[in-house]
Amino acid sequence: MTRSERANQLVEVLPQVYPGAHCELDFKTPLQLLIATILSAQCTDKRVNMVTPTLFARYRTTADYARAKPAELEKAIQSTGFFRNKTKSIRAVCAAIEKKYGGEVPQTMAELHALPGIGRKTANVVLGNAFHKNEGIVVDTHVMRLSQRLGLTTQQDPEKIERDLMKLIPQKHWTNWSHWLIWHGRRRSFARKPDCENCELLRLCPSGKKFIRTGEARAST
């Protein structure tokens, strides 16, 4: 089976397995999603969602974040980790949006990527989920791991993986593709000890049988 054939079949199967897949960061506005995505670096979505209700109630606009006292913002997001760097990033990006775009989060990859500290991953999250624009594919650790396990790429760099995937996955599925793989990575294809025996994608996964054989070999020793 070629990569293209496998990708076409995965696009058919994954929405059946995860029909409700969506971004698991809670948000109501593009700005809220941008802030939540910055906070999610090296942190779980669950933890971010515990912090953001209070944060979003206190800081409602880019001006609020840009003018926030660093110590107060740091305290509000401390439990997400790396809170000093995240505070600097949030204040800088919000100040830039306030100055260049009148406080409105821009809606293009070029504009988002040009903002301080905003890479393609964050830009893709915002574009795909807040604006419903398929301009790229989010490549986080789950998407990276599963794309390699499924034989869709041999690359290690996120942007190179994204380019490989964009050649294989129809553009209309780019945002959902990330959701499907993230959900599968969290629920079935774990980094350690993936549940291959019960995996809905086993017949399409060139790595699955290897994991099963390895598990069987360990069990017999």
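Count of segment 62-76 residues, restricted to those that are part of a helix (DSSP H, G or I) and either touching a residue at least 60 places away in the same chain (Cβ under 8 Å) or surrounded by 14 or more Cβ atoms within 10 Å (Cβ to Cβ) (or both), is 8. Evaluate segment 189-198: report whether one residue or more is open to solvent by 30 Å² or more (accessible area, probe 1.4 Å), among the hydrophobic types (A, V, I, L, M, F, W, C) and within 27 Å of PRO30 (Cα to Cα). Scanning segment 189-198 turns up no residue that is open to solvent by 30 Å² or more (accessible area, probe 1.4 Å), among the hydrophobic types (A, V, I, L, M, F, W, C) and within 27 Å of PRO30 (Cα to Cα). Restricting the search to segment 89-109, which residues are more than 17 Å from ASN129 (Cα to Cα), free of Cβ contacts under 8 Å to residues at least 24 places away in the same chain and under 24 Å from the mean Cα position of the chain (by Cα)? Residue satisfying the conditions is ALA96 alone.
For segment 96-103, the criterion of being in a helix (DSSP H, G or I), open to solvent by 10 Å² or more (accessible area, probe 1.4 Å), aromatic (Phe, Trp, Tyr) and closer than 18 Å to THR29 by Cβ is satisfied by at least one residue. Within segment 69-88, how many residues are on the phi > 0 side of the Ramachandran plot and in contact with a Cys (Cβ under 6 Å, 6 or more places away or on another chain)? Count: 1. For segment 33-55, the set of residues classified as in contact (Cβ under 8 Å) with a residue 24 or more places away in the chain, open to solvent by less than 40 Å² (accessible area, probe 1.4 Å) and part of a helix (DSSP H, G or I) consists of LEU33, LEU34, ILE35, THR37, ILE38, LEU39, VAL48, ASN49, VAL51, THR52, listed by residue number. For HIS132, the conditions (1) open to solvent by less than 20 Å² (accessible area, probe 1.4 Å); (2) within 18 Å of GLY20 (Cα to Cα); (3) not in a helix (DSSP H, G or I) are fulfilled apart from (1). Residues in segment 165-200 that are closer than 23 Å to ASN134 by Cα and free of Cβ contacts under 8 Å to residues at least 24 places away in the same chain: LYS167 only. Exactly one residue among VAL13, VAL48, VAL17 is touching a Leu at 6+ places or on another chain (Cβ under 6 Å) and of a type in the set (A, V, I, L, M, F, W, C), and that residue is VAL48.
When ASN85, ASN8 are checked against the criterion of being within 30 Å of ARG203 (Cα to Cα) and modelled with pLDDT of 95 or more, a single residue qualifies: ASN8.
The values are calculated or read from the model by the stated rules, or taken from the named source; none is laboratory data. Please read all numbers here as calculations on a predicted model, not as lab measurements. Note that we place each Cβ from the backbone using ideal geometry, even for glycine, and neighbour counts take in every protein chain shown. All accessible areas refer to the heavy atoms of the entire protein, side chains included, with ligands and DNA or RNA removed. Shrake-Rupley method; radii C 1.70, N 1.55, O 1.52, S 1.80 Å.
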